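Enquirer: First the structure, which I've put down as structure tokens, then a few questions once you've had a look.
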Amino acid sequence: AAAAAGAAGADGAAPLDVHAVDAHWLQRGISAFVEDANASALLARDVLAALGPDGGDERACETRLVMLLDYDRFDFIKTLLANRSRVFYCTRLKQAQTEAEAEAVRAQMAADVDGGGAAILEALAQTGSAETWAQDRAADFANRTRREAVGLSKLRGVQLDDGARP
């Protein structure tokens, strides 16, 4: 049951992108129906605790979420249940204040193979590598384009700022 909760999509809810869930994703979702920011923050803390390993099995977690959020928020509850591990681990990781706290969350994720924590950690690393690669490619392209523009401007006798950095 825990693996299904971490895998997402079991209830028909779309799996969340691990990078879409930041430190305040849960609070933003709750603020859609709770106007007071302080109440929203407190509720987000309680919901996060319910999503964690101490929140019990899927049925206990669902019951707790319905008690916290009310039954009329069931679509949001279904999204939370289908992405339980993603929301829990990504939120905790992004809320870490120090590298030691972040490393402790990563260690917990790596140890939670059945709950999907290890797979989420791997997805975070893979996507991060792809983003870094894309950023490097874009920077290389920009530098090459700038050099070519400066070279062409010199051929035509036009003065351009070459954007050279010290």
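Enquirer: Report the calculated FRET efficiency for Phe33 and Glu101 (r = Cβ-Cβ distance, R0 = 25 Å), to the nearest 0.05.
Expert: Working: r = 30 Å, r/R0 = 1.19.
Calculated value: 0.25.
Enquirer: Would you mind computing Rg(Cα) / (2.2 N^0.38 Å) for the stretch 14-66, counting N as its residues? Could you put the intermediate results ahead of the total?
Expert: Values: Rg = 11.7 Å, N = 53, 2.2 N^0.38 = 9.9 Å.
Rg over 2.2 N^0.38 Å, computed on Cα atoms: 1.18.
Enquirer: Any idea how far apart Lys94 and Val113 come out in nm if each label point goes 7 Å out from Cα toward Cβ?
Expert: 2.8 nm
Enquirer: Probe 1.4 Å, all protein chains in place: accessible area of Thr63 in Å², nearest 10?
Expert: 80 Å²
Enquirer: Sorting check: for 15-21, 67-73, which peptide has the highest mean count of neighbouring beta carbons within 10 Å, and how do the rest follow?
Expert: 15-21, 67-73
Enquirer: Run the numbers on the stretch 38-150 and let me know its relative contact order in percent, using alpha-carbon pairs under 8 Å that are six or more apart.
Expert: Taking the mean separation of contacting Cα pairs over the length of the stretch 38-150, I get 16 percent.
Enquirer: Please sort 102-109, 150-157, 84-91 by packing, taking for each peptide the average over its residues of neighbouring beta carbons within 10 angstrom, highest first.
Expert: 84-91, 102-109, 150-157
Enquirer: Report, to two decimal places, the Cα Rg of the stretch 1-125 normalised by 2.2 N^0.38 Å (N = number of residues).
Expert: 0.98
The values are calculated or read from the model by the stated rules, or taken from the named source; none is laboratory data. Keep in mind the model is a prediction, meaning the values are calculated, not measured. Glycine gets a Cβ as well: all are built from the backbone with ideal geometry, and neighbour counts include every protein chain shown. Ligands, DNA and RNA are excluded from the accessible area calculation, which covers all protein heavy atoms including side chains. Shrake-Rupley method; radii C 1.70, N 1.55, O 1.52, S 1.80 Å.
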